[in-house]
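Q: Got a structure for you, questions after.
Coordinate-derived values only; no laboratory data. Not measured: the values here are computed from a predicted model. Counting neighbours? That spans all protein chains shown, and the Cβs are built from the backbone with ideal geometry, glycine included.
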Amino acid sequence: DRPQPLKGRRVLVTSGPTHEPIDPVRVLANRSSGRQGHALAAAAAAAGAEVTLVSGPVSIPDPAGVRVVKVESAREMQAAVDAALPADLAIFAAAVADWRVEADSAQKIKKGAGGPPTLTLVENPDILAGVARRAEGRPPLVVGFAAETENVIEHARSKLARKGCDLIVANDVSPDSGVMGGDRNTVALVSAEEVERWDAMSKQAVAEALVARFAALLGGTSA
Ligand code: C5P
C-alpha cells in the first residue's frame, strides 16, 4: 500500500490556461498545457487527499480520483476557487491571463471598412493573492507558481512577498527550456527563508516530490 500522508486533507489545485473572450468565437489564450497542475492533483489524490481541480481549457485527460471543475476565463476560475474552499492546501498552478478584454463583443466582430478592432484590456483579479490574503478561511498552506523567462529566483521572491503565499514553485519557461507543453520541469522552491533548487525531473516526479513536501509542511495540523 502507498503511504497516505494527505489522508483526510482537502486540497485545491488550479491548472491550465484561461481563455479570455474577445467575441463568441475568439479568445486570448496562452500556451499552458495543464500538465504540471494536473500531475499535482493526481499526486495529491494518490496521497489520500480529497482533491478539487479547477482547470482551464486543456487537452489532457482528467486525473483519476479528483473532482474536476472546468472553467474558461479567470473570473470563472476565481468563482470556482471560492466555491471549492475551505481547503488545507491550495496550489495555484494555473497560467491565469493577466488581462481580459474590457468589453467582449456579443456578436462575432466582422472585418470591414473600420479596419482592425482595437482591444482594450483590463487586469484580471489575482486569484492566488485573493486567497492568500483572506482574513478568514485562508488555507494553512498556500502555494503559487512563478513561470518566468529570466531572473527566475528574483521574480519568485518578489512574487512571494507581493501575493502573500507561503511558497513559490519557480520554473524557467523560456522557449529553449522546453517546459511549456513539455514533460519535464526544473523547479526551485522559494520561501521567505530559503531557496531550494531541484534537479530536472518529469512533471510527475516533480508533482510527487512537491506533494510529499507539502504534506510534511502541513504536519499534524488540520483546517
Ligand atoms: O503574477 P504571476 O502570474 O506570474 O503569478 C503566478 C502565480 O499566481 C501562479 O501561482 C498563478 O496561478 C497565480 N495567479 C493567479 N491569478 C492571476 C494571476 C496569477 O492565481 N490573475
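Q: Please compute the modelled spin-label separation between Q107 and L121, points set 7 Å along Cα→Cβ, answer in nm with one decimal.
A: Placing both labels 7 Å along Cα→Cβ, they lie 2.8 nm apart.
Q: Mind putting together the pair-distance distribution for the stretch 67-176? All Cα pairs, 10 Å bins, whole percent per bin, short to long.
A: 12, 36, 30, 15, 6, 1
Q: Work out the charge dipole of the stretch 1-87 with +1 on the Cβ of Lys and Arg and -1 on the Cβ of Asp and Glu about the Cα centre, then indicate which of P57, L85, T18 is farthest towards its positive end.
A: Projecting each Cα onto the dipole axis, the largest value belongs to L85.
Q: I would also like to ask the following. For the chain, what does -39500 (n - 2.57) per DSSP helix run (n ≥ 4), summed and divided by total residues, give at 222 nm, in deg cm²/dmol to the nearest 500?
A: One gets -8000 deg cm²/dmol as the mean residue ellipticity at 222 nm.
Q: Within 10 Å of each residue's Cβ, count the other Cβ atoms and sort T118, T18, T149 from fewest upward.
A: Ordered from fewest to most neighbouring Cβ atoms within 10 Å, T118, T18, T149 come out as T118, T149, T18.
Q: So, with +1 on the Cβ of K and R and -1 on the Cβ of D and E, and no other charges, what is the size of the charge dipole of the chain about its Cα centre, to the nearest 20 debye?
A: Using only the charged Cβ atoms, the result is roughly 440 debye.
Q: In nanometres, what is the gap between the two model label sites at E194 and E154, each 7 Å from Cα along Cα-to-Cβ?
A: 2.4 nm
Q: What are the ³J(HN,Hα) couplings of the stretch 46-61, residue after residue, when phi is run through the Karplus curve with 6.51, -1.76, 1.60 and θ = phi - 60°? Round to Hz, x for glycine and proline.
A: After applying 6.51 cos²θ - 1.76 cosθ + 1.60, I find 5, 8, x, 6, 8, 10, 10, 10, 9, 10, x, x, 9, 10, 9, x Hz.
Q: Take the Cα of R31, step 7 Å along the line toward its Cβ, and report every residue of the stretch 153-172 whose backbone nitrogen sits under 14 Å from that point.
A: The answer is 172, whose backbone nitrogens lie closer than 14 Å to the label point.
Q: Something else: Take the alpha-carbon positions of the chain, form their convex hull, and give its projected area averaged over all directions (one quarter of the hull surface) in nm².
A: 13.5 nm²
Q: Who wins for biggest fluctuation among G56, G182, G37 in a Gaussian network model of the chain, springs between alpha carbons below 10 Å?
A: G182
Q: Per residue and in Å³, how big is the convex hull formed by the alpha-carbon atoms of the stretch 114-219? Intermediate results must be reported in sequence, preceding the final value.
A: On the way: hull volume 16.3 nm³, N = 106.
Here the figure is 153 Å³ per residue.
Q: Out of residues 5 or more away from W99 or on other chains, whose amide H comes under 5 Å of its own, with H placed 1.01 Å from N in the peptide plane?
A: N124
Q: Using a 10 angstrom cutoff on alpha carbons, build the Gaussian network for the chain and name the most mobile of A129, A94, A103.
A: A103
Q: Follow-up. What order do you get for L128, L141, L121 when you list them from fewest to most C-beta neighbours inside 10 Å? Could you put the intermediate results ahead of the total?
A: Numbers: L128 25, L141 22, L121 13.
With the sparsest Cβ surroundings first, the list reads L121, L141, L128.
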